[in-house]
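First comes the structure, then the notes that go with it.
None of the figures in this text is laboratory data; all of them are computed from the coordinates on show. Keep in mind it's a predicted model, so treat the numbers as computed, not measured. Positions of Cβ are generated from backbone atoms using ideal geometry, with glycine treated the same way; all protein chains shown enter the neighbour counts.
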Amino acid sequence: MDFSDTPDEAGFRNEARAFLERHAEPKRGAFETWQSRYPDREGLERAKDFQRKRAEAGLAGLHWPKAYGGREAPAIFQVILAQEEARYLVPRGYFEIGLGMCMPTLFAYATEEQRRRYAPAALRGDEVWCQLFSEPGAGSDLAGLRTRAVRDGDAWVINGQKIWTSGAHWADHAILVTRSDPKAPKHKGLTFFFLSMKSPGIETRRIKQISGQSHFNEVYLTDVRIPDSQRLGAVGQGWGVAITTLMNERLTSGELRGPDFEELFALARAIELEDGPAIANAAVRERLADYYVRTQGVRWSRFRTMTAISRGDTPGPENSMGKLVNAPKAQDIASFAMDLLDMGGVVTDKDWAPMRAAFQESLLSSPGSRIAAGTDEILKNIIAERVLGLPQDIRVDREAPFDQLPASRR
Amino acid sequence: MNFDFSPDQKALRDQARKFLGEHASSVRVRRILDTDEPYDRDLWRGVAEMGWTGTAIPEAYGGAGFGYLELCVIAEELGRCVAPIPFSSTVYLVAEALLLAGSEAQKRKWLPRIAGGEVVGCLALAEGAGAPTPRTVKTRAAANTISGTKAPVTDGDVADVAIVAARANGAAELSLFLVDLSSAGVTRTTLPTVDPTRSHAQVVFDGVAAEPLGAAGTGAKLLERVFDRAAVLVAFEQVGGAQAALDMAREYAMGRFAFGRPIASFQAIKHKLVDMYVGLELARSNAYYAAWALSTNAAELPVAAATARVSATEAYFHAAKENIQTHGGMGFTWEFDCHLHYRRAKLTGLGLGSARRWKDLLITRLEAQAS
């Protein structure tokens, strides 16, 4: 057991550090994000600029094939880069979906010409991608999606609605999964495409979340035409393609940002309760210990995963555990911190509230973390079935024609 | 980055699992549970012959001179099978206390015999219910003899040597003493406990010859260090036990049919098993980090040990109680093995002090680190 880098890893770490010192700025506070310093369009333009520098330095597409501008580096390099970037203000939320999910899907299913056309542009940040998967009636049960694709000569005509699409309002391209055969059983009637987000018939609307922020979009597709040459995988085989995309999501989903044990501990040392400092209160100490133990457990579990990655193993579904623990914990910590602030806990004014209202913000954003990229419940199913090897639920929707299945009330 | 046990350490684990599978099956454990036998003497002899009792004892004192990572590996396997032997008292507490504070003569006298499995040791601290503190310890030492009543003392009825916490010459601070339990003035009475696979006693000392272990007045400090080290090793026993309880629950849920299907296909059971798994994995990771801190004698050891202690104590009890729940009615019969873990989980959770107390200690240590 030791925590030191191999010579190769240490060399890469130095390379990443040198790049960041030269091209990135340190964060001004623990929770500063690219978007909070550079909102809206400015953020996107600056992010593209940074991504181009990253690509030129060989620090983008680390595990990609060299043929498409990647480095074919060991997976541990991605972890090292993320560790080094943690202290810096670097763009997040612009390119991860394109580079981590869309491009690997293209690598698996697109033509060589298409890969050479799209991959380098995505890598350099010139083109941004989004993922048109979830629908109002198909979230955890993605295969229940209803967006229709109807063949028309050499093209397909798409009608339907997608939702929870990060970055759709600025994306240049998208991957899309549709229902091409409603008479087939649900997993067998899907077909997968990629398309330009500039195609006629696409309308994007921002979704306002309970936090007041808008990270996601609804995307309406009305008679959108996609050439058949942009189909990925065979007609009716779209579910298999979507699984390829989602397998890559697990590698992409990052750590949660927001106040955690450290911030709650600092607050407890600073705030006065009815009987003295919060940190001296037995009930507070017990809660702090519970959060600390879980925080460290996730931290060292990640080190175990990194050890596996560093040996060349692929992280398995056990990696889902981090979000399953951290997302509910973030919500609990936010709520408990506000309890410590007592009557003053309600205030969200950043200049008034302790820690610039980070806990109040987390109270309103953390419910989303428990749902996005796999709800707590779905993650438990994944661990139950793929780690513990327990049987799948009895399904009533496997063999029936999709159009005979009951649908949600609207 | 290599946050894992080495191939050699894993080979040791496989060897230990195989040996214990043969010599510490639940049939063997039940022989101790169902009779007045205080511990499994054959298993104890076997474990000593394998060299496990001397794993972390230096060769100069008759040990194998491996290290703590190897001892952690063995601890996990002992915990998995609920081994009914006085291993933790002798190896984690007494040997560690001797290594930390023993005089050269004390180490030469006792460590080779511990390594060889010839003696059993125990630590006599508690004097009744409630958290033991220097205030609650009434046992007194004067003129190299001690007098007082200690209970419960794990393995106190079978041990050959005890480390006793007492107040020397009326001092407020605790001091530690080494006592040969065959000396005159020692009276021992077996105490029944929640886990009969491990033996406990009340030990009365009436003017018993004792020699100081470590400097006078340093008892509390020394115990804290010994308990930190033992906490890491017991955490591995707890992780092994929690894994065994999860494995049992999984096995049973896969084979038990209700409403026309295995109960393992119901989300109520699946999510229960995942909760057990997550608690276990967090505890395992915290234990690994504490093992690293123990094996390198790192400054992080006190925080890491308390973290591992809390994490493993809670994970083991959670897994043990939900294992019974998964088994339904059969789970609370004497016949099924679920209760072996339920008992041991509570015992290991109290033996070095409750999780409640360790949580408080953890925060005290984090405060010290932060200021």
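For this structure, a couple of remarks:
- Farthest towards the positive end of the charge dipole of region B:220-370, among the residues B:Thr333, B:Ala231, B:Ala305, is the Cα of B:Thr333, using unit charges on the Cβ of Lys, Arg, Asp and Glu.
- Nearest-0.05 FRET efficiency for B:Ala11 and A:Asp2, computed from C-beta distance (R0 22 Å): 0.70
- Residues in region B:56-98 that a label on B:Glu49 would reach, taking backbone N under 14 Å of a point 7 Å out along Cα→Cβ: none
- For chain B: lysine pairs under 15 Å (alpha-carbon distance), excluding those fewer than 8 apart on one chain: 4
- The distance between label points at A:Ser196 and B:Thr364 comes to 7.0 nm (points 7 Å beyond Cα on the Cα→Cβ vector).
- The 3J(HN,Hα) values that the Karplus relation (6.51, -1.76, 1.60; θ = phi - 60°) gives for region A:304-316 are, in residue order, 5, 4, 4, 4, 5, 4, 5, 7, x, 6, 8, x, x Hz. Gly and Pro appear as x.
- By the beta-carbon count within 10 Å of each Cβ, the least crowded to most crowded order of B:Arg343, B:Arg41, A:Arg179, fewest first, is B:Arg41, B:Arg343, A:Arg179.
- Separation of the A:Asn159 and A:Ala270 label points, Cα + 7 Å toward Cβ, nm: 5.7 nm
- The ranking of A:Asp260, A:Asp2, B:Asp155 from fewest to most other beta carbons within 10 Å of each one's beta carbon is A:Asp2, A:Asp260, B:Asp155.
- Charge dipole of chain B about the Cα centre (unit charges at C-beta), most positive-ward option of B:Gly241, B:Gln369, B:Val164: B:Gln369
- The H on the amide N of B:Asp155, modeled in the peptide plane, is under 5 Å from the matching H of B:Ser199, B:His200, B:Ala201, each at least 5 residues off or on a different chain.
- Region B:128-148 and region B:15-48 have Cα centres spaced 34 Å apart.
- Within the protein assembly as shown, DSSP assigns beta bridges of which about 80% are antiparallel (rounded to the nearest 5).
- Rounded to the nearest 20, the Cβ-based charge dipole of region B:228-325 about its Cα centre (Lys and Arg +1, Asp and Glu -1) stands at 340 debye.
- Taking the fewest neighbouring Cβ atoms within 10 Å as the starting point, the ordered list for A:Glu113, A:Glu135 is A:Glu113, A:Glu135.
- Cα centroid separation - region A:366-410 against region B:219-292, whole Å: 26 Å
- Note on chain A: dipole from Cβ charges, positive end direction compared against A:Gly322, A:Trp156, A:Leu176; the farthest Cα belongs to A:Trp156.
- Here the Karplus relation 6.51 cos²θ - 1.76 cosθ + 1.60, evaluated at θ = phi - 60°, turns the backbone of region A:379-386 into coupling constants of 4, 5, 4, 4, 5, 4, 7, 9 Hz, with x for every Gly and Pro.
- As a calculated quantity, the FRET efficiency between A:Asp313 and A:Ala82 at R0 = 25 Å, using C-beta atoms, amounts to about 0.90.
- Restricting region A:254-354 to trypsin sites (Lys or Arg not before Pro) that sit in a DSSP loop and have at most 13 other Cβ atoms within 10 Å of their own Cβ leaves A:Arg311, A:Lys350.
- Dipole in debye (nearest 20) - chain B, about Cα centre, beta carbon charges: Lys, Arg +1; Asp, Glu -1: 680 debye
- Partner aspartates and glutamates for A:Lys183 [C-alpha distance under 14 Å; skip if fewer than 8 residues away on the same chain]: A:Asp397, A:Glu399, A:Asp403
- Dipole moment magnitude, nearest 20 debye, chain A about Cα centre, only Lys, Arg, Asp, Glu C-beta charged: 960 debye
- Approximating the spin labels as points 7 Å out from Cα along Cα→Cβ, the A:Asp397-to-B:Lys18 distance works out to 5.0 nm.
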